[in-house]
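Engineer: Take a look at this one; I'll ask things after.
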Amino acid sequence: MRTAREFSTYVLDQLAPVGVIQTSHMFGGVLLKVNNKPLGVILSDTLYFKVRELELEEKFLAMDSQQLKYVRKDKDGPLVIQNWWSIPEEILENKKELVGLAYEVLLQGT
């Protein structure tokens, strides 16, 4: 799972109003954190946000978000990472909506 540098740059530009985003490598992609809180991960040109609250998970389901899935050579079928939900393209392209959703994710549990 490699992430194109251009896509990562685009995502970081879209999320700039959120504040300083720390990045590090994770699963062959880019982990995004704000104030040491995980926000999301970019994998295979897809942005995923970390969702921990049921109400927010329901919102992601309603916008046709998909959970992160990957295939391991030693397992049959894909494995699902339950807390990571994809950001649909129409939200990714709308900076205001994306930033609002990012704030919701960052405010979980506070």
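Engineer: Can you work out which of the residues in the stretch 61-75 that are charged (D, E, K, R) and either in a strand (DSSP E or B) or modelled with pLDDT of 75 or more (or both) is surrounded by the fewest Cβ atoms within 10 Å (Cβ to Cβ)? Spell out the reasoning first.
Structural biologist: Looking only at the stretch 61-75, we keep the residues that are charged (D, E, K, R), and these are 64, 69, 72-75.
So of that shortlist, the ones also either in a strand (DSSP E or B) or modelled with pLDDT of 75 or more (or both) come out as 64, 69.
On the way: ASP64: 9, LYS69: 12.
It comes out as ASP64.
Engineer: Could you give every pair whose Cβ atoms fall below 7 Å, whose first residue belongs to the stretch 1-20 and is modelled with pLDDT of 90 or more, and whose second residue is in a loop (DSSP other than H, G, I, E, B), counting only separations of at least 6 or pairs across chains?
Structural biologist: Here the result reads PHE7/ASP45; LEU12/ILE21; LEU15/ILE21, each pair linking the stretch 1-20 to a residue that is in a loop (DSSP other than H, G, I, E, B).
Engineer: Report yes if ASN83 is over 14 Å from the mean Cα position of the chain (by Cα), closer than 22 Å to LEU107 by Cα and modelled with pLDDT under 95, otherwise no. Working first, answer last.
Structural biologist: On the way: over 14 Å from the mean Cα position of the chain (by Cα): no; closer than 22 Å to LEU107 by Cα: yes; modelled with pLDDT under 95: yes.
No, not satisfied.
Engineer: Kindly indicate whether PRO88 is of a type outside the set (D, E, K, R), surrounded by 15 or more Cβ atoms within 10 Å (Cβ to Cβ) and either farther than 24 Å from ALA16 by Cα or without any contact (Cβ under 8 Å) to a residue 24 or more places away in the chain (or both). Explain how you work it out, then say what you get.
Structural biologist: Details: of a type outside the set (D, E, K, R): yes; surrounded by 15 or more Cβ atoms within 10 Å (Cβ to Cβ): yes; either farther than 24 Å from ALA16 by Cα or without any contact (Cβ under 8 Å) to a residue 24 or more places away in the chain (or both): no.
Judged against the criteria, PRO88 is not a match.
Engineer: Name the residues in the stretch 20-54 that are within 12 Å of the chain's Cα centre (by Cα) and small (Gly, Ala, Ser), would you?
Structural biologist: GLY29, GLY40, SER44
Engineer: Right, next: Consider the stretch 86-110. How many of its residues are at pLDDT 95 or above and assigned to a loop (DSSP other than H, G, I, E, B)?
Structural biologist: Result for the stretch 86-110: 4.
Engineer: Another question, if that's okay. Among the listed residues LEU39, LEU47, LEU101, which satisfies the condition of being in contact (Cβ under 8 Å) with a residue 60 or more places away in the chain, surrounded by 19 or more Cβ atoms within 10 Å (Cβ to Cβ), of a type in the set (A, V, I, L, M) and touching a helix residue (DSSP H, G or I) at 6+ places or on another chain (Cβ under 7 Å)? It would help to see each step written out before you state the result.
Structural biologist: Numbers: LEU47 fails: in contact (Cβ under 8 Å) with a residue 60 or more places away in the chain; LEU101 fails: in contact (Cβ under 8 Å) with a residue 60 or more places away in the chain.
The unique qualifying residue is LEU39.
Engineer: May I ask you to verify whether VAL34 is buried (at least 17 other Cβ atoms within 10 Å of the Cβ), touching a residue at least 60 places away in the same chain (Cβ under 8 Å) and of a type outside the set (Lys, Arg)? Can you show your working first?
Structural biologist: Working: buried (at least 17 other Cβ atoms within 10 Å of the Cβ): yes; touching a residue at least 60 places away in the same chain (Cβ under 8 Å): yes; of a type outside the set (Lys, Arg): yes.
Yes, satisfied.
Engineer: Which ones in the stretch 21-36 are small (Gly, Ala, Ser) and modelled with pLDDT of 90 or more?
Structural biologist: Our first condition is that a residue be small (Gly, Ala, Ser); within the stretch 21-36, this holds for 24, 28-29.
Across the stretch 21-36, the qualifying residue is only SER24.
The values are calculated or read from the model by the stated rules, or taken from the named source; none is laboratory data. On a predicted model such as this, the values are computed, not experimentally measured, just so you know. Note that we place each Cβ from the backbone using ideal geometry, even for glycine, and neighbour counts take in every protein chain shown.
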